[in-house]
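Colleague: This is the structure, below, for whatever I ask next.
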């Protein structure tokens, strides 16, 4: 049997890469923000598409997560990956799905997705106060695979990871496989 202290050391090696928190993007209203900066205990970056049906389906859940964790020191941002896309298109999407008080930007060069290791929309990435990616993957398991959903999610990967980080624990499942639409980068191809 592995002792808890040894297990914690072994699992700490699962922490994902460090990010450059000085990276800035311009939101769809012209303001600059840093998606990887935590300004608290953690930052969640949601990689989305205005056209991907699965990405659109998660709008309510994303807003619920952001609202419920905001008071606990978690900041959210939305990064849109479907190119070409104009700011007016994202603003329309934000209105259509009632997004409020969450910065949203278009990743025109794909640099934010590349730094985060995002390859699918929707996908979530959590950065902790030490500038390390602690989680990357699906929001939950509502979708088993493309075209195959469950009646309801039974595993809540993103909120489980957030709860672990906020409690100072190791994220036991730091990377999951998201189901959705592939991100195509400006130079062509997928990540």
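Colleague: To the nearest 500 deg cm²/dmol, what mean residue ellipticity at 222 nm is calculated for the chain from DSSP H runs of n ≥ 4 alone, each contributing -39,500 (n - 2.57), summed and divided by the residues?
Modeller: Computed ellipticity for the chain at 222 nm equals -7500 deg cm²/dmol.
Colleague: Same structure again: DSSP beta bridges in the chain, what fraction antiparallel, as a percent rounded to 5? Working shown, then result.
Modeller: Working: 19 of 30 bridges.
Rounded to the nearest five, the antiparallel share is 65 percent.
Colleague: Sorting check: for 149-162, 114-127, which peptide has the highest mean count of neighbouring beta carbons within 10 Å, and how do the rest follow?
Modeller: Per-residue mean Cβ counts within 10 Å order the peptides as 114-127, 149-162.
Colleague: While we're looking at this one, here's another question. Distance between the C-alpha centers of the range 18-68 and the range 90-111? Whole Å please.
Modeller: Distance between centres, Cα-based: 8 Å.
Colleague: Can you put 45, 79 in order, fewest other beta carbons within 10 Å first?
Modeller: Numbers: 45 27, 79 23.
Ordered by Cβ neighbours within 10 Å, fewest first: 79, 45.
Colleague: Could I ask something else about it? Please give the length that would be gained between residue 130 and residue 86 if that part of the chain were fully extended, namely 0.36 nm times their separation in residues minus their C-alpha to C-alpha distance (nm, one decimal).
Modeller: 12.5 nm
Colleague: Compute the relative contact order of the chain as a whole-number percentage, counting only Cα pairs closer than 8 Å that sit 6 or more residues apart in sequence.
Modeller: Contact order relative to length: 25 percent.
Colleague: Fewest to most neighbouring Cβ within 10 Å: what's the order for 163, 20, 107, 140? Walk me through the intermediate numbers first.
Modeller: Details: 163 14, 20 11, 107 26, 140 21.
With the sparsest Cβ surroundings first, the list reads 20, 163, 140, 107.
Colleague: Now for a separate question. Compute from the Cα atoms of the range 4-182 the Rg and the Dmax, the latter being the longest Cα-Cα distance, and quote both in angstrom.
Modeller: Gyration radius and largest Cα-Cα distance of the range 4-182: 15.5, 52 Å.
Colleague: Also, I was wondering about something else. Where both residues lie in the range 89-191, what percent of DSSP beta bridges are antiparallel, nearest 5?
Modeller: 90
Only the coordinates and a few stated rules stand behind these numbers; no lab work does. If you're wondering where the values come from, they're calculated on a predicted model, not measured in any experiment. Here Cβ is always computed from backbone atoms with ideal geometry, including for glycine, and neighbour counts include all displayed protein chains.
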